Amino acid sequence: MVAGGEVNGMDDWRQFDIANPTEEHSMLREMLRDFVREEVEPQALIHDREERFNLQLFRKLGDYGLLGITVPEEYGGAGMDVTAAAIVNEELSYSDPGFCLAYLAHALLMVNNLAVNGNDEQKHRILPKVCSGEWVSCMAMSEPDYGTDVLGMQTTAVEQEDGTWVINGNKMWITNGVLDEAGTPADIVWLYARTGEDDRGRPAISTFIVEHGMPGYKGGQKILDKTGMRGSNTSELVFDDCIVPAANLVGNVGGSIGHMMRNLELERISLAAMSLGIARRSLSAMNRYASERQAFGKPLRNFGQIQRHIGESWSEYRAMRSYIYDTARRMDVGESGNRLDSDGVKLFATTVAKNIADRAMQVLGGYGYVGEYVVERLWRDAKLLEIGGGTLESHQKNISRDLADNNAAIDE
Ligand SMILES: Cc1cc2nc3c(=O)[nH]c(=O)nc-3n(C[C@H](O)[C@H](O)[C@H](O)COP(=O)(O)OP(=O)(O)OC[C@H]3O[C@@H](n4cnc5c(N)ncnc54)[C@H](O)[C@@H]3O)c2cc1C
């Protein structure tokens, strides 16, 4: 039996906290808790109610180095790892998952993607602007008729004789697609488009960086009346004979499926971390309320059925916390190969968060059903996480497929 002692340079391995593995991670979390309490929480309800994205607050995330959390410092980023990205998503979502979704779409779906896959010129030209918040970005993959079967996408890019590309098609459900009520499109888009077929007849997908002002790039209509995540804008994007210079093609023609799949792994762990924030806040609300509120002359927590809500929520919350940070710890911002667990954490955590938010609402009774008590907003926001970035069914399919080739993963 191991009793204390040194493991991997740690004086006492039992002190190790998987959610705060280093001093730097703990400091990041503390800084975020202050920021969230002072700046995020006061605006969350009103932006949800009015379905408005808080662009001003978003830009402040740049001042704190959060918009380029995984980007090397030489480009204006914080140079941190997947655990740090998970911490940011957890802490922002403790208060405002809608605002966090806008953060995630920018910092992890576009900015990280560019830092990993862009060339030197693209990185030097664009990363400082997106890390500071001067430019707000989005990632456009889904289309009106293609979501889960994303490789069926119909947006095309055709190369011209002068080397420029002409892009035609519509993208759908794009977080940060428009920045305001006037429909101002995102400053910069990470766009996937079809550029032909490979020799086996599979679609060749390429990535283009489309910038505001390029001819033929337009914001579509903002999607209103979403169930949750109303603090972020979701819209269509239109590419109508959009002209993109050769310099804005990322990587090789037809070579994007790899970096699309790699970035989806980061997206999924980040969405799972958002679920963790929702679960923690919901559990905390139900736990406090169960002591404060009396029924039949006793605190609610004296009743067995309420104990079940609290007890199950605690154990599920602790399980998701461990699974998420254990997966984050083993991931590299620029590498793929963790699909089993990036799908696994999202499959588990999103439904657990939704259930814990639901129990919180149940424990709070009528008060849980109104905005002031927060959990109704978290309950609505939680549902999106079972759909966006891959549906539950897509995770079940991927896990089952990956385990078919790798039974050994179960015994590791
Ligand atoms: C608020 C919001 C923000 C979003 N942000 C972005 C963004 O920034 N960028 C972006 O590109 N996309 C974004 N999306 C799109 C999101 O990723 C898609 O909605 C998601 O991938 C599902 O695609 P779909 O909606 O077309 O559903 P579909 O793919 O049509 O699926 C409908 C149902 O069928 C099921 N299904 C489909 N295929 C199978 C199968 N083979 N086996 C079993 N079941 C199956 C699905 O699981 C689901 O239950 C966003 C969506 C929302 C709602």
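The values are calculated or read from the model by the stated rules, or taken from the named source; none is laboratory data. Fair warning: this is a prediction, and the values are worked out from it, not measured in the lab. Methodologically, a virtual Cβ is constructed for each residue, glycine included, from the backbone with ideal geometry; neighbour enumeration extends over all protein chains shown. Please note that ligands, DNA and RNA were not included when accessible areas were found on the heavy atoms of the full protein model with its side chains. Shrake-Rupley method; radii C 1.70, N 1.55, O 1.52, S 1.80 Å.
Can you pull out the helices (runs of 4 or more DSSP H) entirely within segment 1-117 that have at least 2 residues that are in contact with a Leu (Cβ under 6 Å, 6 or more places away or on another chain) and surrounded by fewer than 23 Cβ atoms within 10 Å (Cβ to Cβ)?
none
For segment 141-151, which residues satisfy the criterion of being touching a strand residue (DSSP E or B) at 6+ places or on another chain (Cβ under 6 Å), within 10 Å of the ligand (Cβ to nearest atom) and open to solvent by 20 Å² or more (accessible area, probe 1.4 Å)?
M141, S142, P144
Would you be able to tell me the number of residues in segment 379-405 that are in a helix (DSSP H, G or I), within 6 Å of the ligand (Cβ to nearest atom) and surrounded by 19 or more Cβ atoms within 10 Å (Cβ to Cβ)?
2
What residue, of I278, I310, is touching a Pro at 6+ places or on another chain (Cβ under 7 Å) and assigned to a helix (DSSP H, G or I)?
Criteria check complete, one pass: I278.
In this structure, does T155 turn out to be more than 10 Å from the ligand (Cβ to nearest atom), among the polar types (S, T, N, Q), in contact (Cβ under 8 Å) with a residue 12 or more places away in the chain and open to solvent by less than 20 Å² (accessible area, probe 1.4 Å)?
Yes: the conditions hold for T155.
Could you list, in sequence order, all residues of segment 179-231 that are open to solvent by 10 Å² or more (accessible area, probe 1.4 Å), within 16 Å of the ligand (Cβ to nearest atom) and among the β-branched types (V, I, T)?
Those that are open to solvent by 10 Å² or more (accessible area, probe 1.4 Å), within 16 Å of the ligand (Cβ to nearest atom) and among the β-branched types (V, I, T): I223, T227.
Would you mind finding the one in D326, D341, D358 that is open to solvent by 60 Å² or more (accessible area, probe 1.4 Å) and on the phi < 0 side of the Ramachandran plot?
That would be D358, the only listed residue that is open to solvent by 60 Å² or more (accessible area, probe 1.4 Å) and on the phi < 0 side of the Ramachandran plot.
Consider only pairs whose beta carbons are under 8 Å apart and that are at least six residues apart or on different chains; among these, list those whose first residue lies in segment 174-202 and is closer than 17 Å to A107 by Cα and among the small types (G, A, S) and whose second residue is more than 13 Å from the ligand (Cβ to nearest atom) and part of a loop (DSSP other than H, G, I, E, B).
A186/L179; A186/H212
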